[in-house]
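The structure under discussion appears below in the form of structure tokens.
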Amino acid sequence: MAELPILQFEEKIIDTVQKNPVTVIIGETGSGKSTQLSQILHRHRYTKSGIIGVTQPRRVAAVSVARRVAQELGVRLGDEVGYAIRFEDRTSERTRIKYLTDGVLLRESLSNPELDQYSVIILDEAHERSLNTDVLLGLMKRLVKLRTSSLRVLITSATLDGEKVSKFFLDCPVLNVPGKLYPVEILYSKERPTSYLESCLRVAIDIHIREPEGDVLIFMTGQDDIEKLVAKLEDKIRSLEEGSCMDAIVLPLHGSLPPEMQVRVFTPPPSNCRRFIVSTNIAETSLTVDGVVYVVDCGYVKQRQYVPSTGMYSLDVVQISKVQANQRAGRAGRTRPGKCYRLYPSRVYEEEFLDVTVPEIQRSSLTGSILYLKSLDLPDIDILKFDFLDPPSSESLEDALKQLYLIDAIDENGSITSIGRTMADLPLEPSLSRTLMEANEYGCLSQALTVVAMLSAETTLLPGRSKGASKGAEKKRKHTPLELPDGSGWGDHIQLLQIFEQWDQNGYDVDWCKDHELQVRGMMFVKDVRKQLCQIMQKIAKGSLDVRPKERRKESRQDYKDLRKALCVGYAGQVAERMIRHNGYRTIGFKSQLVQVHPSSVVRSDEEGMLPNYVVYHELIVTSHPYMRNVCAVEMPWVTPILKKLEKISVSKLSGGSGHVGEETNRKIVDLPKKDMNVQVPDDHESRIQAAKERFLARKSKK
DNA sequence: GAGCACTGC
């Protein structure tokens, strides 16, 4: 094995770690930090007093790095070296080096807040700034204070971010470890292209004609553009041939491609053939393609962001950060010197690009993270003042508090309730945890378990929703897919339930999935999630909760009333009311929004063409319009208590904190120029109630 | 009649 750069720094690293509770390691790609840091510390007896835990943002990384380290140490995976990811714990009593996803470490700290089995915790790839890593960074800062001499924390990061992380940890030392990348020549465009699709095409063809062999990796923003560019490239290359240049294959690469299409990038091309891989940012970190010598970087990425003031998500094309641009360029220098063509001027890179990607914590709903932190019961920490590396906005924090209050996870003073504690034990969004608990009360837990498990895999499940397989496969398909259940008109959650139930009745048959154009892997995942949730519910129960895994309904005609009622409780912050005269909706909550049911929904309109008066929705996503995705019909009497609760809510009380540090907290919150939230109960609510009654009576008399 | 980048418990 060739000497990894990091090994030359072994003494320096050990010396620094011995003297400092926290150390930041700047390790470029190929430095060997992921596999070597743990082994270096192991050699210096840091595994005598506890386990070395290394977190990774992705499951595959945790598994593959653990496998490598076990191999290098000549031990069996699961013995001295192991890993833990969701559904899979390959560790034993003997395990001293443990690779795990940051999500798993967070779960562990729920039952053991001091994490005292660990002597060292290494947060790897911290520069990616995943939501979980950011929460962990805050927890580590507190933990090193509590366990002054018994815990060592190492954080690996990127060049542009190191100083900031160091400052966060009270100016802890920063060590630079060079990488083993070959030089990559950066070539900038003179100006920004008017059409980056055309520009990509031109550059790619240029490389093909002028440059020696080596694959080309092109970064685009999304599936649509990728498909267009792939088609154009293929056309152009076909028109070029005549032996003027070598053969070429063009491969698309993005998340909604079926796995068998994704792995095509791992088969090396035939000789004298150049590959063009047109990819989303999946090839930036998640997948490493060998053989790439040229990178074309459009400078953009598609990013999902949450707007707390409206509760809506939007998916926007935004400029990448310098860290991302460098990461992309680095993909060209893995096997030999490469070139990176940036389709923007150097001035744009220098002046417009942010140093680091906006961390996820500033782009997501914080409901889950805040509930998690509240459930830790940290006596010395007030959640609203929790020390984040990049604190989220107070607006976002307040939004999370309101949402949690509406689903009974915290009380009006902001303290966690017993319901909230139970919810935090479930690896789900709070709305779904709450649904499960309520469903248990109504005796429809089994159905609810299925629905929430299906929702957690939903994007990789249904045909049409992920159009990956549809377009090309459409023509080739021999028989039309069998019909899926339609939710009986009640909406998408019910459809998801019915789909799983049918699969269950067909003995979890793989061919059944294929016949219905459902992704087998996705359905298997659902089964796993459901099983895991079942087990957790059983554990939580201890007699107090009623877990009945397989209750069967006697009546053949079902209105799923209990289940829909449970969903209404869980989605209390995500209710919408239909307009009187048309099928548009208005969200009920802090800030009313005009929205529509997503066209992919199976929720049905009545004989007069009207959709249900009230629905709950899983999320609001802004594309061409604001849409509610995954809706379920609910009934007015279930909504009324939510409206009452909304009227009572007071944000300054909710922010009051846990009581331990109440006064100080209150002062801080009151200082901020904000008023109690602006609750908008629809002004025509009363008349709507009347109208609904009339419609109900009218329908009854028809029958 | 619209369209979802990527992760994770």
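The values are calculated or read from the model by the stated rules, or taken from the named source; none is laboratory data. Model, not experiment: these values are computed from the prediction. In this analysis, Cβ positions are derived from the backbone assuming ideal geometry, glycine residues included, and neighbour counts consider all displayed protein chains. Surface accessibility is based on the protein's heavy atoms, side chains included, excluding ligands, DNA and RNA. Shrake-Rupley method; radii C 1.70, N 1.55, O 1.52, S 1.80 Å.
List of remarks:
- Residue identified as surrounded by fewer than 19 Cβ atoms within 10 Å (Cβ to Cβ) and part of a strand (DSSP E or B) among A:375, A:314: A:314
- Some residue of the range A:170-188 being within 16 Å of DNA strand B (Cβ to nearest atom) and in contact with a helix residue (DSSP H, G or I) (Cβ under 6 Å, 6 or more places away or on another chain): no
- If the condition is being of a type outside the set (S, T, N, Q), more than 25 Å from the chain's Cα centre (by Cα) and open to solvent by 30 Å² or more (accessible area, probe 1.4 Å), then the range A:409-420 contributes A:411, A:412.
- Checked against (1) within 14 Å of DNA strand B (Cβ to nearest atom); (2) within 20 Å of the chain's Cα centre (by Cα), residue A:261 passes all but a single condition, namely (2).
- When the range A:106-135 is filtered for residues that are of a type in the set (D, E, K, R) and out of contact with any strand residue (DSSP E or B) (no Cβ under 6 Å at 6 or more places or on another chain), the ones remaining, listed by number, are A:107, A:108, A:114, A:116, A:125, A:128, A:129, A:134.
- Residue that is most open to solvent (accessible area, probe 1.4 Å) [pool: residues in the range A:51-84 that are in a loop (DSSP other than H, G, I, E, B) and within 16 Å of DNA strand B (Cβ to nearest atom)]: A:58
Per-residue answers, yes or no, for (1) in the same structural domain as residue A:217 (by the TED database); (2) of a type outside the set (Phe, Trp, Tyr); (3) at pLDDT 90 or above:
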| residue | (1), (2), (3) |
| --- | --- |
| A:335 | yes, yes, no |
| A:338 | yes, yes, yes |
| A:344 | yes, no, yes |
| A:350 | yes, yes, yes |
| A:353 | yes, no, yes |
| A:369 | no, yes, yes |
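- Matching residues, the range A:606-650, being in a helix (DSSP H, G or I), in contact with an Asp or Glu (Cβ under 8 Å, 6 or more places away or on another chain) and open to solvent by 20 Å² or more (accessible area, probe 1.4 Å): A:648
- In the range A:435-456, the residues that are farther than 15 Å from residue A:568 by Cα and not in a helix (DSSP H, G or I): A:443, A:456
- Of all residues in the range A:266-302, those that are under 21 Å from residue A:238 (Cβ atoms) and either within 15 Å of DNA strand B (Cβ to nearest atom) or outside the structural domain of residue A:228 (by the TED database) (or both) total 2.
- Across the range A:420-434, the number of residues qualifying as touching a residue at least 60 places away in the same chain (Cβ under 8 Å) and part of a helix (DSSP H, G or I) comes to 7.
- Those residues of the range A:338-372 which are open to solvent by less than 30 Å² (accessible area, probe 1.4 Å), assigned to a helix (DSSP H, G or I) and touching a residue at least 60 places away in the same chain (Cβ under 8 Å), in sequence order: A:348, A:349, A:361, A:367, A:369, A:372
- Residue within the range A:518-538 that is within 26 Å of the chain's Cα centre (by Cα), farther than 26 Å from residue A:646 by Cα, modelled with pLDDT under 90 and part of a loop (DSSP other than H, G, I, E, B) present: yes
- Screening the range A:559-605 for strands (runs of 3 or more DSSP E) wholly inside it with 1 or more residues that are within 16 Å of DNA strand B (Cβ to nearest atom), without any contact (Cβ under 8 Å) to a residue 60 or more places away in the chain and not hydroxyl-bearing (Ser, Thr, Tyr) returns the ranges A:594-597.
- Answer residue from the range A:252-293, given it is without any contact (Cβ under 8 Å) to a residue 60 or more places away in the chain, outside any helix (DSSP H, G or I) and of a type in the set (A, V, I, L, M) and is most open to solvent (accessible area, probe 1.4 Å) among those: A:287
- As a summary of the residue check, residue A:423 satisfies the conditions (1) surrounded by fewer than 19 Cβ atoms within 10 Å (Cβ to Cβ); (2) within 19 Å of residue A:537 (Cα to Cα); (3) not basic (Lys, Arg) except for the one numbered (1).
- Residue check for residue A:307: more than 22 Å from residue A:207 (Cα to Cα), in contact with a helix residue (DSSP H, G or I) (Cβ under 6 Å, 6 or more places away or on another chain) and either within 16 Å of DNA strand B (Cβ to nearest atom) or open to solvent by 60 Å² or more (accessible area, probe 1.4 Å) (or both): no
- Qualifying residue in the range A:85-96 (condition: surrounded by 15 or more Cβ atoms within 10 Å (Cβ to Cβ), away from DNA strand B (no atom under 16 Å from the Cβ), in contact (Cβ under 8 Å) with a residue 12 or more places away in the chain and not in a strand (DSSP E or B)): yes
- Scanning the range A:110-129 for residues that are buried (at least 18 other Cβ atoms within 10 Å of the Cβ) and in contact with a helix residue (DSSP H, G or I) (Cβ under 8 Å, 6 or more places away or on another chain) yields A:115, A:120, A:121, A:122, A:123, A:124, A:125, A:126, A:127, A:129.
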